[in-house]
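The values are calculated or read from the model by the stated rules, or taken from the named source; none is laboratory data. Only a predicted model underlies this, so the values are computations on that prediction, with no experimental measurement involved. All Cβ positions, glycine included, derive from the backbone under ideal geometry; neighbour counts span all protein chains shown. When the accessible area is computed, the model is the full protein with side chains, heavy atoms only, and any ligands, DNA or RNA have been set aside. Shrake-Rupley method; radii C 1.70, N 1.55, O 1.52, S 1.80 Å.
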Amino acid sequence: MVDYHTPVLLEEVLHYIEPQNKRLIVDGTLGDGGHTQAMLDAGPTLRVLGIDRDTEALERARQRLAAYKERVILVHGSFSEVKSILTRQNEREMDGILLDLGVSSRQLDVAERGFSFRFEGPLDMRMDRSQEGPTAADLLESLSDFELEQIFRKYGEEKKPRQLVRLIRKAQGSHPIKTTFELSQILSSAAKPSRKPRIHPATKAFQALRIAVNRELDHVQKALEDALDCLAPGGRMVVISFHSLEDRIVKDFFRTEAKGCICPPKTPVCVCGRKSRLKVLTRRVVKPSAREVELNPRASSAKLRAAERIHV
């Protein structure tokens, strides 16, 4: 029996995206298909267009969703391509979109993907291994000290990124860093001894490299903009993030699109002409219950925000 990734905040997703009586919902980060399966079960007339950059995830989802046949369309690609993907499917608009921005348990637990310091494997971290592009090992070799420091500081929120870069360069003096264990050991040597460290000392740096390799924040911003253009009036946008930078992008986007006018505060009459396009449904960010975190500890950092397309 296949061990599928456990979808996070499942009940909350169904509550906010309202799959009942919907025609088409896009699951922009399909993964193993858990959210999609639940939406299809809740909406008997619903069709779901599932998108994922990971060909292995698409194959697992194809097996999981085989019983739903023509109600599911699976596409290999990035959620930031949602507008062009809909066009290729001869669809003008969608009634909802779900973006679950986390890395799946399956990706973390497969050593050869190189996402986790818990397993020995090549330092890869690419979501889409079918496409050519730099791996995490490539970035460590090709980026300047300043560029690498910026990645650790911005994406990993590391307090001492320069120290980490110095350790990496020292190790590279003898040989290239090619595996997860090598990098983990190097980064761990910078940590102060602690009886009960809150997180592994390599956690933030690994996260930062993954974000940089996959250009995740760029994809999030473009996906939000294009998804809103394709969202039918009354359609719902639901986003689950696991990183403060991703959540900030979503929060700011929802706030801007709900406000409409962006003229300076002292402008007596609006001259920008922007109209509100979204109504924010989550006044506060939605987090998993204590019970869910107990059953699935990897859900602990999940944050959900939702908004609805305004009729204009």
Next item on the list: Tally the DSSP beta bridges in the chain and give the antiparallel ones as a percent, rounded to 5.
Entry: 40
Next item on the list: Starting from the amide H of residue 74, placed 1.01 Å from N in the peptide plane, find each other amide H under 5 Å away whose residue is 5 or more places distant or on another chain.
Entry: 50
Check: Which of these, 153, 255, 283, has the largest mean-square fluctuation under a Gaussian network model of the chain (Cα springs below 10 Å)?
Finding: 283
Next item on the list: Mind sorting out which of (i) 134; (ii) 165; (iii) 223 is the real volume of the Cα convex hull per residue in Å³ computed from the coordinates?
Entry: (ii)
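As an exercise, use a Förster radius of 41 Å and the Cβ-Cβ distance of residue 225 and residue 70 to find the FRET efficiency, rounded to the nearest 0.05. Can you show the working numbers first?
Details: r = 30 Å, r/R0 = 0.74.
For residue 225 and residue 70, the calculated efficiency is 0.85.
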Check: chymotrypsin sites (Phe, Trp or Tyr not before Pro) within segment 218-312: which are DSSP loop residues with at most 13 other Cβ atoms inside 10 Å?
Finding: none
Margin query: Test of the criteria: in segment 114-152, which GluC sites (Glu not before Pro) are in a DSSP loop and have at most 16 other Cβ atoms within 10 angstrom of their Cβ?
Written below: 120, 132
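Relative contact order for the chain using alpha-carbon pairs under 8 Å, separation at least 6, rounded to a whole percent?
Details: 527 pairs, mean separation 56.4, N = 312.
Dividing the mean separation by the residue count of the chain yields 18 percent.
For 256, 180, write out the residues from largest to smallest accessible area, computed with a 1.4 angstrom probe and no ligands counted. Could you put the intermediate results ahead of the total?
Working: 256 60, 180 0 Å².
The ranking, largest first, comes out as 256, 180.
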Check: Where does the chain land at 222 nm, in deg cm²/dmol rounded to the nearest 500, when only DSSP H runs of n ≥ 4 count, each adding -39500 (n - 2.57), divided by all residues?
Finding: -11500 deg cm²/dmol
Notebook entry, point to check: If packing is taken as the mean number of other Cβ atoms within 10 Å per residue, what is the order of 31-38, 300-307, 244-251, highest first?
Noted result: 31-38, 300-307, 244-251
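If you take every residue apart from residue 91 with its C-beta less than 15 Å away from the C-beta of residue 91, what net charge results, scoring Lys and Arg +1 and Asp and Glu -1?
Details: positive: 22, 23, 47, 71, 83, 88, 92; negative: 27, 70, 81, 93, 95, 226, 229.
Result for the neighbourhood of residue 91: 0.
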